[in-house]
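Structure first, then comments.
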Amino acid sequence: MTTRAPTQEKLFAAISGWPMLVLLPLIILGLPILAASQGWDGPGRIVPIILIEIPTIICLFGFFIVNPNTSRVLVLFGKYKGSVRTDGFYWTNPFTIRSKVSLRAHNLASEKIKVNDLAGNPIEIGAVVVWQVHSTAQALFDVEDYRQYVDVQIESAIRELAKAHPYDENAGPDGVPTLRGDTEVVTEELQVELGKRLDRAGLEVLEARISHLAYAQEIASAMLQRQQAQAIIAAREKIVEGAVGMVEHALADLARKGVLELDDERKATLVGNLLVVLCGHGPVTPVLNTGSLYN
C-alpha cells in the first residue's frame with residue numbers, strides 16, 4: 001500500500017480587515033450619492049453602478065477574525081491556500097472557505113477499557129491524554145475527523161499497552177515492566193506510542209498518564225485475596241528472619257558469657273521455645289516443667 005505524503009502547512013499572509021472595512025462601505029454608500037449628484041439617472045448609467053455595487057456587497061463576506069490560540073485554514077475553490085495563525089481582524093476572497101482549528105491544549109479522559117494483560121488477566125484501564133494541533137493542514141486534510149481520530153487511537157494504544165505488560169510483578173515474567181509498579185516506564189511508553197499514532201493527523205501529545213487501573217470485577221475479589229496472602233507470607237518471612245537472628249544472638253551470648261552449657265538437645269529445645277515466643281501472634285503462656293528434660 002502506498003503511503004501518501006503528509007500535507008504541509010503553509011502560512012497565509014491575509015490582508016488586514018480595517019482598510020477594507022473603510023473602503024467597501026465607502027464604495028457601497030458613496031457611489032449612489034455620486035451618481036445622484038452627477039445626474040446619472042439613465043438606464044445605461046444605472047446598470048454599471050449596479051454591477052459595481054453587487055460585487056462590492058459580496059466582498060463584505062470576506063471579513064474574518066482569528067482569536068488567540070486559534071487558526072483559520074483557507075481553501076479557495078478546492079485548493080489549500082494556507083493557514084492564518086496570528087490573531088487579528090482580516091479580509092480575504094469572500095468565496096474562500098475559512099475553517100477554524102483550535103491550537104489550544106485539549107484534555108481527554110478515555111473511558112475505562114476492559115482488556116487482558118500480558119498474563120491473560122482481565123483488567124480495567126483508562127488514561128488521560130493532553131494533546132494539541134501542531135499542523136492545521138494535516139488535521140483537516142489527512143484524516144476524516146481529527147477529534148474522533150484521537151478517541152479511536154487513544155483506545156487502541158491503551159489496549160496495546162495493557163497487552164504488553166502484566167498488572168503486577170506476580171502476574172507475569174520477570175524483568176517485564178508492570179502496569180502498577182513501573183508507572184514512569186509505562187507512562188513514557190504510552191506517550192511515545194500515542195505520539196507515533198497521532199502524528200499522522202498533525203497532532204502532538206503533550207502528556208499521557210494512566211488514570212485508572214484495576215482488576216476486572218469478576219476476578220477482583222480473588223486477586224485481592226491473593227495479594228493479601230502474598231503480603232502475609234512476606235511479613236512472615238521477615239518475622240522468621242528476625243527471630244532466627246535473635247536466637248543466634250542469644251545462643252552466642254550464652255556461650256560467650258558461660259552462663260550455662262547446653263548440649264544439642266537442650267539447644268534445640270531452647271531454640272524451639274524462643275521461635276514460638278518470637279513468631280507467635282498471641283501472648284505467650286508459660287509452661288512450668290516440674291521434671292527435667294531427660295525424665
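For Ser221, state whether it is among the polar types (S, T, N, Q), at negative phi and at pLDDT 75 or above. Before you say what the answer is, go through the steps one by one.
On the way: among the polar types (S, T, N, Q): yes; at negative phi: yes; at pLDDT 75 or above: no.
Answer is no for this residue.
Right, Val115: part of a strand (DSSP E or B) and touching a helix residue (DSSP H, G or I) at 6+ places or on another chain (Cβ under 8 Å) or not?
Values: part of a strand (DSSP E or B): yes; touching a helix residue (DSSP H, G or I) at 6+ places or on another chain (Cβ under 8 Å): yes.
Against the criterion (part of a strand (DSSP E or B) and touching a helix residue (DSSP H, G or I) at 6+ places or on another chain (Cβ under 8 Å)), Val115 qualifies.
What tally of residues in region 123-140 results from selecting those that are surrounded by 17 or more Cβ atoms within 10 Å (Cβ to Cβ) and either basic (Lys, Arg) or farther than 30 Å from Thr178 by Cα (or both)?
Matching residues across region 123-140 total 7.
Consider only pairs whose beta carbons are under 7 Å apart and that are at least six residues apart or on different chains; among these, list those whose first residue lies in region 171-200 and is more than 13 Å from Ile125 (Cβ to Cβ) and part of a loop (DSSP other than H, G, I, E, B) and whose second residue is at pLDDT below 90 and small (Gly, Ala, Ser).
That search, which allows pairs on different chains as well, returns Ala171/Ala119; Gly172/Ala119.
Looking at Ser83, Ser71, Ser99, which one is out of contact with any Cys (no Cβ under 6 Å at 6 or more places or on another chain), in a strand (DSSP E or B) and within 18 Å of Pro6 (Cα to Cα)?
Only one candidate qualifies: Ser83.
The values are calculated or read from the model by the stated rules, or taken from the named source; none is laboratory data. Nothing here was measured: the structure is a model prediction, and the numbers come from that model. Every residue, glycine as well, gets a Cβ built from its backbone with ideal geometry; the counts of neighbours run over all protein chains shown.
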